[in-house]
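**Q** Would you mind keeping the following structure in view while I ask a few things?
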């Protein structure tokens, strides 16, 4: 029996052989992982800070999430063009809500 060496990618992503399935799986997974933080902060920002600004923030966040399936298959750091803006939006929402209710 031939020993196959497992790579980190094979362990982390069960469907790493199918690029399209992996991209779809990670796009949905990434969106769901951050929706837990984004949605409550978004609604609190709309209630406590500024509802018109919340719409603009939601558009920026949604655009950053929408490019994820296009940059994920690229090798390298391109996925950061999708994730970093999302992190910045979540940090901004958190700091704005914290400042408004404090």
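Every number in this text was worked out from the coordinates using simple rules, so none of it is lab data. Keep in mind that this is a model prediction, so the values were computed, not measured. We place every Cβ from the backbone using ideal geometry, glycine too, and count neighbours over all the protein chains shown.
**Q** Pick from 23, 83, 56 the residue whose mean-square fluctuation is largest in a GNM of the chain, springs joining Cα atoms under 10 Å.
**A** Result for the chain, Cα springs under 10 Å: 56 fluctuates most.
**Q** Also, quick follow-up: Nearest 500 deg cm²/dmol is fine: what mean residue ellipticity at 222 nm does the chain get from its DSSP H runs of n ≥ 4 alone, each adding -39,500 (n - 2.57), divided by its residue count? Spell out each step's value before the answer.
**A** Details: 5 runs with 77 residues, N = 102.
That comes out to -25000 deg cm²/dmol.
**Q** Quick one: Debye curve from the alpha-carbon atoms of the chain only, equal weights, vacuum; give me log10 I(q)/I(0) at q = 0.22 Å⁻¹ to two decimals.
**A** -1.09
**Q** Sort out for me the Cα centre separation of region 66-97 from region 1-36, rounded to whole Å.
**A** First find each Cα centre; the distance between them is then 19 Å.
**Q** With r defined as the distance between the Cβ atoms of residue 15 and residue 63 and R0 fixed at 25 Å, what FRET efficiency is calculated, to the nearest 0.05?
**A** Working: r = 27 Å, r/R0 = 1.06.
After rounding to 0.05, the efficiency reads 0.40.
**Q** Also, quick follow-up: Kindly state, to the nearest 0.05, the FRET efficiency for residue 37 paired with residue 4, given R0 = 41 Å and r defined as their beta-carbon distance.
**A** 0.60
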